[in-house]
(Lines give C-alpha, C1' and ligand atoms only; values in the text may rest on other atoms or scores of the structure.)
Protein backbone atom coordinates (compact mmCIF):
# COMPACT_ATOMS: atom_id res chain seq x y z
CA UNK A 1 0.00 0.00 0.00
CA UNK A 2 1.17 3.51 -0.82
CA UNK A 3 2.10 5.66 2.17
CA UNK A 4 0.91 9.21 2.69
CA UNK A 5 2.21 11.84 5.07
CA UNK A 6 0.02 14.91 4.43
CA UNK A 7 -3.75 14.98 3.90
CA UNK A 8 -6.20 17.83 3.42
CA UNK A 9 -9.90 17.01 3.88
CA UNK A 10 -12.44 19.70 3.02
CA UNK A 11 -15.98 19.06 4.28
CA UNK A 12 -18.88 21.01 2.83
CA UNK A 13 -20.96 22.96 5.32
CA UNK A 14 -24.11 21.47 3.79
CA UNK A 15 -22.97 18.08 5.13
CA UNK A 16 -22.02 19.26 8.61
CA UNK A 17 -24.76 21.81 9.22
CA UNK A 18 -27.57 21.11 6.73
CA UNK A 19 -30.29 22.73 8.82
CA UNK A 20 -31.09 25.20 11.56
CA UNK A 21 -32.06 24.30 14.30
CA UNK A 22 -29.30 21.70 14.33
CA UNK A 23 -29.82 17.94 14.07
CA UNK A 24 -27.90 16.84 17.17
CA UNK A 25 -27.94 13.10 16.35
CA UNK A 26 -26.67 13.72 12.81
CA UNK A 27 -23.94 15.94 14.22
CA UNK A 28 -22.86 13.24 16.67
CA UNK A 29 -22.58 10.73 13.80
CA UNK A 30 -20.48 13.18 11.79
CA UNK A 31 -18.13 13.63 14.76
CA UNK A 32 -17.77 9.85 15.08
CA UNK A 33 -17.08 9.46 11.34
CA UNK A 34 -14.57 12.30 11.32
CA UNK A 35 -12.81 10.89 14.38
CA UNK A 36 -12.64 7.47 12.70
CA UNK A 37 -11.07 9.08 9.63
CA UNK A 38 -8.38 10.68 11.78
CA UNK A 39 -7.75 7.40 13.60
CA UNK A 40 -7.43 5.46 10.32
CA UNK A 41 -5.13 8.03 8.72
CA UNK A 42 -2.85 7.95 11.77
CA UNK A 43 -2.91 4.13 11.74
CA UNK A 44 -1.68 4.22 8.14
CA UNK A 45 1.07 6.66 9.09
CA UNK A 46 1.48 7.79 12.70
CA UNK A 47 3.44 10.84 11.50
CA UNK A 48 0.73 11.97 9.08
CA UNK A 49 -0.32 15.63 9.11
CA UNK A 50 -4.05 16.26 8.57
CA UNK A 51 -5.80 19.54 7.78
CA UNK A 52 -9.61 19.53 7.98
CA UNK A 53 -11.38 22.48 6.36
CA UNK A 54 -14.96 23.27 7.39
CA UNK A 55 -17.62 25.04 5.32
CA UNK A 56 -20.36 27.44 6.41
CA UNK A 57 -23.49 25.38 5.68
CA UNK A 58 -27.01 26.44 6.57
CA UNK A 59 -25.95 28.80 9.39
CA UNK A 60 -23.80 30.82 6.97
CA UNK A 61 -26.54 30.89 4.34
CA UNK A 62 -29.08 32.14 6.87
CA UNK A 63 -26.78 34.91 8.07
CA UNK A 64 -25.93 35.86 4.48
CA UNK A 65 -29.63 35.92 3.59
CA UNK A 66 -30.30 38.23 6.53
CA UNK A 67 -27.39 40.49 5.56
CA UNK A 68 -28.61 40.67 1.97
CA UNK A 69 -32.19 41.48 2.98
CA UNK A 70 -31.11 44.36 5.23
CA UNK A 71 -28.90 45.78 2.50
CA UNK A 72 -25.39 44.85 3.62
CA UNK A 73 -22.77 44.70 0.87
CA UNK A 74 -21.58 41.53 -0.83
CA UNK A 75 -18.20 42.06 0.82
CA UNK A 76 -19.80 42.06 4.29
CA UNK A 77 -21.85 39.01 3.32
CA UNK A 78 -18.60 37.24 2.46
CA UNK A 79 -17.06 38.23 5.80
CA UNK A 80 -20.10 36.86 7.61
CA UNK A 81 -19.74 33.57 5.72
CA UNK A 82 -16.04 33.37 6.65
CA UNK A 83 -16.65 33.97 10.35
CA UNK A 84 -19.49 31.43 10.39
CA UNK A 85 -17.25 28.77 8.85
CA UNK A 86 -14.61 29.55 11.49
CA UNK A 87 -17.20 29.17 14.24
CA UNK A 88 -18.29 25.86 12.71
CA UNK A 89 -14.66 24.72 12.65
CA UNK A 90 -14.24 25.64 16.32
CA UNK A 91 -17.31 23.63 17.31
CA UNK A 92 -16.18 20.59 15.32
CA UNK A 93 -12.57 20.81 16.52
CA UNK A 94 -13.60 20.67 20.16
CA UNK A 95 -16.24 18.02 19.53
CA UNK A 96 -13.68 15.74 17.86
CA UNK A 97 -11.14 16.33 20.66
CA UNK A 98 -13.74 15.40 23.28
CA UNK A 99 -14.93 12.34 21.36
CA UNK A 100 -11.39 11.00 20.92
CA UNK A 101 -10.79 11.39 24.66
CA UNK A 102 -14.07 9.66 25.46
CA UNK A 103 -13.16 6.59 23.38
CA UNK A 104 -9.67 6.33 24.82
CA UNK A 105 -7.55 8.21 22.25
CA UNK A 106 -6.19 10.78 24.69
CA UNK A 107 -2.79 11.09 23.01
CA UNK A 108 -4.35 11.55 19.57
CA UNK A 109 -6.72 14.18 20.96
CA UNK A 110 -3.73 16.19 22.16
CA UNK A 111 -2.31 16.22 18.63
CA UNK A 112 -5.18 18.48 17.51
CA UNK A 113 -4.54 22.23 17.52
CA UNK A 114 -6.77 24.43 19.66
CA UNK A 115 -6.96 27.48 17.37
CA UNK A 116 -8.44 28.23 13.93
CA UNK A 117 -5.87 29.86 11.58
CA UNK A 118 -6.79 32.94 9.57
CA UNK A 119 -4.39 32.32 6.67
CA UNK A 120 -2.60 29.48 4.89
CA UNK A 121 0.65 30.70 6.47
CA UNK A 122 -0.84 30.40 9.95
CA UNK A 123 -2.12 26.94 9.05
CA UNK A 124 1.30 25.80 7.85
CA UNK A 125 2.96 27.17 10.98
CA UNK A 126 0.50 25.28 13.20
CA UNK A 127 1.84 22.03 11.78
CA UNK A 128 5.15 22.72 13.52
CA UNK A 129 3.38 22.03 16.82
CA UNK A 130 0.36 19.86 16.05
CA UNK A 131 -0.45 17.01 13.65
CA UNK A 132 -4.11 17.86 13.07
CA UNK A 133 -5.58 21.30 12.40
CA UNK A 134 -9.04 22.65 11.62
CA UNK A 135 -9.63 25.56 9.23
CA UNK A 136 -12.53 27.82 8.23
CA UNK A 137 -12.58 30.56 5.60
CA UNK A 138 -9.71 32.94 4.81
CA UNK A 139 -10.61 35.65 2.28
CA UNK A 140 -13.75 37.29 0.86
CA UNK A 141 -14.70 36.23 -2.66
CA UNK A 142 -13.88 32.55 -2.34
CA UNK A 143 -15.48 29.46 -0.88
CA UNK A 144 -13.71 27.41 1.80
CA UNK A 145 -12.37 25.18 -0.99
CA UNK A 146 -9.91 28.01 -1.70
CA UNK A 147 -8.31 27.92 1.77
CA UNK A 148 -8.27 24.12 1.59
CA UNK A 149 -6.41 24.16 -1.74
CA UNK A 150 -3.95 26.82 -0.56
CA UNK A 151 -3.21 24.79 2.56
CA UNK A 152 -2.79 21.64 0.48
CA UNK A 153 -0.27 23.41 -1.72
CA UNK A 154 1.47 25.03 1.25
CA UNK A 155 2.13 21.73 3.00
CA UNK A 156 2.73 19.85 -0.28
CA UNK A 157 -0.15 17.48 0.48
CA UNK A 158 -0.12 13.97 -0.92
CA UNK A 159 -3.88 14.06 -1.46
CA UNK A 160 -6.70 16.61 -1.31
CA UNK A 161 -10.14 15.19 -0.45
CA UNK A 162 -13.34 17.21 -0.84
CA UNK A 163 -16.52 15.87 0.78
CA UNK A 164 -19.67 17.35 -0.73
CA UNK A 165 -23.40 16.63 -0.87
CA UNK A 166 -23.31 15.09 -4.36
CA UNK A 167 -21.42 12.17 -5.91
CA UNK A 168 -18.64 14.26 -7.42
CA UNK A 169 -18.52 16.76 -10.27
CA UNK A 170 -21.40 17.08 -12.74
CA UNK A 171 -21.82 18.64 -16.17
CA UNK A 172 -24.18 21.19 -14.57
CA UNK A 173 -25.48 21.96 -11.09
CA UNK A 174 -27.11 18.66 -9.97
CA UNK A 175 -29.20 20.53 -7.40
CA UNK A 176 -30.94 22.42 -10.20
CA UNK A 177 -30.65 20.34 -13.38
CA UNK A 178 -32.18 16.84 -13.72
CA UNK A 179 -30.03 16.34 -16.84
CA UNK A 180 -26.74 16.86 -15.01
CA UNK A 181 -24.28 14.04 -15.79
CA UNK A 182 -21.61 12.82 -13.39
CA UNK A 183 -17.99 13.16 -14.52
CA UNK A 184 -15.64 10.43 -13.27
CA UNK A 185 -12.33 12.11 -14.18
CA UNK A 186 -11.50 15.67 -15.15
CA UNK A 187 -8.44 17.87 -15.52
CA UNK A 188 -8.08 21.22 -13.70
CA UNK A 189 -8.28 22.98 -17.08
CA UNK A 190 -11.55 21.24 -17.97
CA UNK A 191 -12.88 22.01 -14.50
CA UNK A 192 -12.03 25.70 -14.93
CA UNK A 193 -14.12 25.77 -18.12
CA UNK A 194 -16.98 24.07 -16.29
CA UNK A 195 -16.72 26.48 -13.37
CA UNK A 196 -17.72 29.44 -15.55
CA UNK A 197 -21.25 28.02 -15.66
CA UNK A 198 -21.83 28.44 -11.94
CA UNK A 199 -23.11 31.57 -10.22
CA UNK A 200 -20.42 33.27 -8.11
CA UNK A 201 -22.37 34.70 -5.17
CA UNK A 202 -21.88 34.28 -1.40
CA UNK A 203 -23.59 31.18 0.01
CA UNK A 204 -24.44 29.60 -3.37
CA UNK A 205 -23.44 26.18 -4.71
CA UNK A 206 -19.98 26.18 -6.26
CA UNK A 207 -18.15 23.01 -7.21
CA UNK A 208 -14.87 24.91 -6.74
CA UNK A 209 -13.63 28.50 -6.95
CA UNK A 210 -11.01 29.97 -9.28
CA UNK A 211 -8.40 30.20 -6.52
CA UNK A 212 -8.66 26.47 -5.88
CA UNK A 213 -8.57 25.61 -9.59
CA UNK A 214 -5.44 27.72 -10.11
CA UNK A 215 -3.75 26.04 -7.14
CA UNK A 216 -4.62 22.56 -8.44
CA UNK A 217 -3.29 23.43 -11.90
CA UNK A 218 0.11 24.51 -10.62
CA UNK A 219 0.52 22.11 -7.69
CA UNK A 220 -0.78 18.96 -9.43
CA UNK A 221 -2.01 17.57 -6.11
CA UNK A 222 -4.23 14.50 -6.65
CA UNK A 223 -7.74 15.67 -5.76
CA UNK A 224 -10.93 13.70 -5.20
CA UNK A 225 -14.40 15.20 -4.82
CA UNK A 226 -16.70 12.59 -3.30
CA UNK A 227 -20.12 11.98 -1.77
CA UNK A 228 -19.70 12.99 1.86
CA UNK A 229 -23.33 12.72 2.91
CA UNK A 230 -22.04 9.55 4.55
CA UNK A 231 -18.77 10.88 5.89
CA UNK A 232 -17.60 7.30 6.34
CA UNK A 233 -16.87 7.49 2.60
CA UNK A 234 -13.76 9.56 3.45
CA UNK A 235 -12.03 6.43 4.73
CA UNK A 236 -13.24 4.44 1.74
CA UNK A 237 -11.86 7.00 -0.72
CA UNK A 238 -8.53 7.27 1.11
CA UNK A 239 -7.99 3.51 1.22
CA UNK A 240 -9.10 3.06 -2.41
CA UNK A 241 -6.61 5.70 -3.49
CA UNK A 242 -3.77 4.11 -1.55
CA UNK A 243 -4.62 0.70 -3.02
CA UNK A 244 -4.93 2.09 -6.57
CA UNK A 245 -8.62 1.14 -6.82
CA UNK A 246 -9.70 4.17 -8.82
CA UNK A 247 -12.81 2.44 -10.15
CA UNK A 248 -14.08 2.25 -6.58
CA UNK A 249 -13.49 5.99 -6.15
CA UNK A 250 -15.42 6.74 -9.34
CA UNK A 251 -18.53 5.08 -7.87
CA UNK A 252 -18.82 7.82 -5.26
CA UNK A 253 -16.67 10.63 -6.59
CA UNK A 254 -14.65 12.41 -9.26
CA UNK A 255 -10.87 12.33 -9.65
CA UNK A 256 -9.17 15.59 -10.64
CA UNK A 257 -5.78 15.07 -12.25
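The values are calculated or read from the model by the stated rules, or taken from the named source; none is laboratory data. Here the structure is a predicted model, which is why all the values come from computation and not from measurement. Note that each Cβ is placed from the backbone with ideal geometry, even for glycine, and that neighbours are counted across all protein chains shown.
The combined condition, being under 20 Å from the mean Cα position of the chain (by Cα) and free of Cβ contacts under 8 Å to residues at least 12 places away in the same chain, is not fulfilled by residue 24. If you go through segment 77-106 and pick out every residue that is part of a helix (DSSP H, G or I) and more than 24 Å from residue 21 (Cα to Cα), you end up with 4. What number of residues within segment 43-54 satisfy the criterion of being free of Cβ contacts under 8 Å to residues at least 40 places away in the same chain and assigned to a helix (DSSP H, G or I)? The number of residues fulfilling the criteria is 1.
Of the residues that make up segment 55-75, is at least one in contact with a helix residue (DSSP H, G or I) (Cβ under 8 Å, 6 or more places away or on another chain), assigned to a loop (DSSP other than H, G, I, E, B) and either in contact (Cβ under 8 Å) with a residue 24 or more places away in the chain or closer than 21 Å to residue 153 by Cβ (or both)? The answer is yes; a qualifying residue exists.
Here is a check on your reading of the model: is residue 225 in a strand (DSSP E or B), at negative phi and at pLDDT 90 or above? For residue 225, the condition - in a strand (DSSP E or B), at negative phi and at pLDDT 90 or above - is met.
When you scan segment 182-199, do you find a residue that is at pLDDT 85 or above, under 17 Å from residue 224 (Cβ atoms) and in a loop (DSSP other than H, G, I, E, B), even just one? Yes, segment 182-199 contains at least one residue that is at pLDDT 85 or above, under 17 Å from residue 224 (Cβ atoms) and in a loop (DSSP other than H, G, I, E, B). When segment 157-178 is filtered for residues that are surrounded by fewer than 21 Cβ atoms within 10 Å (Cβ to Cβ) and within 22 Å of residue 249 (Cα to Cα), the ones remaining, listed by number, are 158, 159, 165, 167, 170, 171, 172, 173, 174, 175. Taking (1) under 30 Å from residue 239 (Cα atoms); (2) at pLDDT 95 or above; (3) crowded, with 18+ Cβ neighbours inside 10 Å; (4) out of contact with any strand residue (DSSP E or B) (no Cβ under 8 Å at 6 or more places or on another chain) in turn, residue 64 satisfies each apart from (1).
The condition of being under 30 Å from residue 65 (Cα atoms), out of contact with any helix residue (DSSP H, G or I) (no Cβ under 6 Å at 6 or more places or on another chain) and surrounded by 19 or more Cβ atoms within 10 Å (Cβ to Cβ) holds for only one of 150, 93, that being 93. Selection of segment 107-130 for residues being more than 23 Å from residue 212 (Cα to Cα), touching a helix residue (DSSP H, G or I) at 6+ places or on another chain (Cβ under 9 Å) and not in a helix (DSSP H, G or I) yields 110, 111, 112, 113, 114, 115.
Within segment 138-160, being in a helix (DSSP H, G or I) and touching a residue at least 40 places away in the same chain (Cβ under 8 Å) holds for 145, 146, 147, 148, 149, 150, 151, 152, 153.
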